[in-house]
Amino acid sequence: MVFTYELRMVMKRLLAGDVDAFQGFYINTVNDMYFHTKLVIGNDEETARMMVKIYKAMFINLERLDKPENTTKWYNDILYQHLVDWVNVNCANQLIGEENGEYDEYPGVEEYVRGTNTLNESEVANLAASFINTLDPVHALTGLAYFYDGFEDADLEKYLQCDIDVVKTRVKYARKQISMYSLEFCKANDYESARVDNNLLLLGYVLIFNEVKLSNIEGLYAAICDALQ
């Protein structure tokens, strides 16, 4: 989430007791929250239910925010807690498999394949974005925290609730998987193999963020208000 001047002013009003400012908070954060929850959960209805649940938790836990400048940390604390809880419930078999080493073997990626055509960086980022959308929820959530939000190691452990070595294993697996898919695309379409590094992965996430917008913003806010009754 980008902490803008507009969001700072909204949070200042909200912390001063102006509950009507919560709608402003919602408007300033809804696209970011939709992007995170949608990428992890996928299903539109389940994503909407989760967003209502998260915004309700944020409203109830406003006392945990001491000043506007700490909004991003407070927001991420609640957002990632709910997403991790969802993953723990809905991806239990995958997490057990992870503990048993099923994801220790990374997808193989050839070093270089020469093709007739080449892709520029923008095209590679678009290609990466299409494969980011195919990641399973565990690796999707880890990719958001690592590539998009850019958390430091301590925050990665806190937000993902696992050891940093586990996080790095997930990151490496996700990166290799996306690179493998990209290579297969290049080979199938006679492109020179494209290197998908962290910067292009970040750009891929940004491209997804720019395209994924919640269509029923007013309706979801109404559902949040109903949940707070």
FRET E, pair Asn126, Asp44, Förster distance 22 Å, beta-carbon r, rounded to 0.05
0.45
Roughly speaking, what is the centre-to-centre gap between segment 1-40 and segment 108-172 when only Cα atoms are used, to the nearest Å?
27 Å
Computed FRET efficiency, Cβ-Cβ of Lys172 and Asp197, R0 22 Å: what is it to the nearest 0.05?
0.95
The chain, accessible surface, carbon-and-sulfur percent (1.4 angstrom probe):
47 percent
Label-point gap, in nm, between Asp226 and Asp165 - each point 7 angstrom along Cα→Cβ
4.8 nm
How far is helix 217-227 tilted, in degrees, relative to the longest principal axis of the Cα atoms in the chain, given as a value from 0 to 90 rounded to the nearest 10?
50 degrees
If R₀ is 30 angstrom, what is the calculated FRET efficiency for the pair Ile96 and Tyr5, using the beta carbon separation as r and rounding to 0.05?
0.10
Which of the lysines could a cross-linker bridge to Lys176, judged by Cα under 27 Å and excluding same-chain residues fewer than eight apart?
Lys38, Lys158, Lys168, Lys187
At 0.36 nm per residue, and after removing the present C-alpha to C-alpha distance, how many nm does the segment from Glu152 to Leu15 gain when stretched out fully?
46.5 nm
With the cut-off at 1.5 for a/c, could you classify segment 83-226 from its C-alpha gyration tensor as rounded, prolate or oblate?
oblate
In segment 145-218, if every C-alpha pair distance is counted and binned at 10 Å from zero, what percent goes to each bin?
17, 36, 31, 15, 1
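The values are calculated or read from the model by the stated rules, or taken from the named source; none is laboratory data. Everything numeric in this text was worked out from a predicted model, so none of it was measured. In this analysis, Cβ positions are derived from the backbone assuming ideal geometry, glycine residues included, and neighbour counts consider all displayed protein chains. Note: areas computed on protein heavy atoms with side chains; ligands, DNA, RNA excluded. Shrake-Rupley method; radii C 1.70, N 1.55, O 1.52, S 1.80 Å.
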